[in-house]
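Peer 1: Provided herewith is a single structure, encoded as structure tokens, for subsequent inquiry.
The values are calculated or read from the model by the stated rules, or taken from the named source; none is laboratory data. In this text the structure is predicted, and so the values were computed from the model without any measurement. Quick reminder, even Gly has a Cβ in these numbers, built from the backbone with ideal geometry, and neighbours come from all protein chains shown.
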Amino acid sequence: MAVTLGVGRTRIRRLMRILGIEALYPKPNLSRPAKGHEIYPYLLRGVSIERPNQVWSTDITYLPMHGGFLYLVAVMDWFSRFVLSWELSNTMETGFCLAALEAAFRFGQPEIWNSDQGSQFTAAEFLAPLKKRGVSISMDGRGRALDNVFIERLWRSLKYELIYPGDFDSGLELMAALERYFHFYNHQRPHQALGYCTPADLFPPRSIRKRAWI
């Protein structure tokens, strides 16, 4: 834009800030490890995903809004791509991730749980319910975004179809929009990789999601 308009980059940055114009790009890495937290090896390389509840995965993403932002965490079943639970938060504390995990357990439990090495997912309080249930814990390798490719694809779809065009004003407005989007994603949207079935077609009988606002 600076080259096209023939003005300096500093002026363009100032004008974009005043007008609320922001480039569409991923925000800084949210997966920050914490000293002393437990790290587990990645268990899914070469594993054939053959059934629901074989592997669940989770991730956090940054959601920009008009005049602010929130963080979103989701839990997904790898076989069906069914979004089991999700929660919003205005902080990066472990609590909202733990709330999403507990909500996902309403559907049963996985054989393998996969996440990145972020401090939320390596905290003892987060790992405790997984260990208690005997779930095998897997963590992505450092700098390997494709280790959790299915949920990364979910974030891309969500942001380009809902978040970026939506320009939401409040968390309550965003919450309602996410409810509608994830219902559409789970129950109505056919996936080419699933033989044009929906995630709900391939997932066992479902529970009712219980919301928590952190």
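Peer 1: Which one of Ala104, Ala176, Ala128 is at pLDDT 95 or above, in a helix (DSSP H, G or I) and surrounded by 13 or more Cβ atoms within 10 Å (Cβ to Cβ)?
Peer 2: Only one candidate qualifies: Ala104.
Peer 1: Would you check which residues across the range 84-99 are within 13 Å of Ile60 (Cβ to Cβ), buried (at least 24 other Cβ atoms within 10 Å of the Cβ) and aliphatic (A, V, I, L, M) and list them?
Peer 2: Within the range 84-99, no residue meets the criteria.
Peer 1: Is there a residue being under 17 Å from the mean Cα position of the chain (by Cα), over 30 Å from Gly20 (Cα atoms) and of a type in the set (Phe, Trp, Tyr) anywhere in the range 157-165? Before you say what the answer is, go through the steps one by one.
Peer 2: Kept after step one, since they are under 17 Å from the mean Cα position of the chain (by Cα), are these residues of the range 157-165: 157-164.
Keeping just the survivors that are over 30 Å from Gly20 (Cα atoms) gives none.
Checked against the condition, which is being under 17 Å from the mean Cα position of the chain (by Cα), over 30 Å from Gly20 (Cα atoms) and of a type in the set (Phe, Trp, Tyr), the range 157-165 yields no hits at all.
Peer 1: Within the range 78-97, does at least one residue satisfy the condition of being among the charged types (D, E, K, R), assigned to a helix (DSSP H, G or I) and over 24 Å from Ser157 (Cα atoms)?
Peer 2: Step one: filter the range 78-97 for residues among the charged types (D, E, K, R), giving 81, 87, 93.
From what's left, assigned to a helix (DSSP H, G or I): none.
No, there is no match, as no residue in the range 78-97 is among the charged types (D, E, K, R), assigned to a helix (DSSP H, G or I) and over 24 Å from Ser157 (Cα atoms).
Peer 1: Here is a check on your reading of the model: is Asn53 at pLDDT below 90, under 26 Å from Ser119 (Cα atoms) and not in a helix (DSSP H, G or I)?
Peer 2: Working: at pLDDT below 90: no; under 26 Å from Ser119 (Cα atoms): yes; not in a helix (DSSP H, G or I): yes.
No; evaluated as a whole, the condition is false for this residue.
Peer 1: Would you tally the residues in the range 90-126 being in contact with a strand residue (DSSP E or B) (Cβ under 8 Å, 6 or more places away or on another chain), within 20 Å of Gly171 (Cα to Cα) and of a type in the set (S, T, N, Q)?
Peer 2: Number satisfying all stated conditions: 2.
Peer 1: Here's a follow-up. On the basis of being out of contact with any Pro (no Cβ under 9 Å at 6 or more places or on another chain), in a loop (DSSP other than H, G, I, E, B) and modelled with pLDDT under 95, does Pro205 make the cut?
Peer 2: Values: out of contact with any Pro (no Cβ under 9 Å at 6 or more places or on another chain): yes; in a loop (DSSP other than H, G, I, E, B): yes; modelled with pLDDT under 95: yes.
Against the criterion (out of contact with any Pro (no Cβ under 9 Å at 6 or more places or on another chain), in a loop (DSSP other than H, G, I, E, B) and modelled with pLDDT under 95), Pro205 qualifies.
Peer 1: Give me the pairs, please: first residue somewhere in the range 42-54 and farther than 16 Å from Ser80 by Cα, second residue anywhere and assigned to a loop (DSSP other than H, G, I, E, B), beta-carbon distance under 7 Å, and either six or more positions apart or on two chains.
Peer 2: Cβ pairs passing all conditions: Tyr42/Asp140; Tyr42/Gly141.
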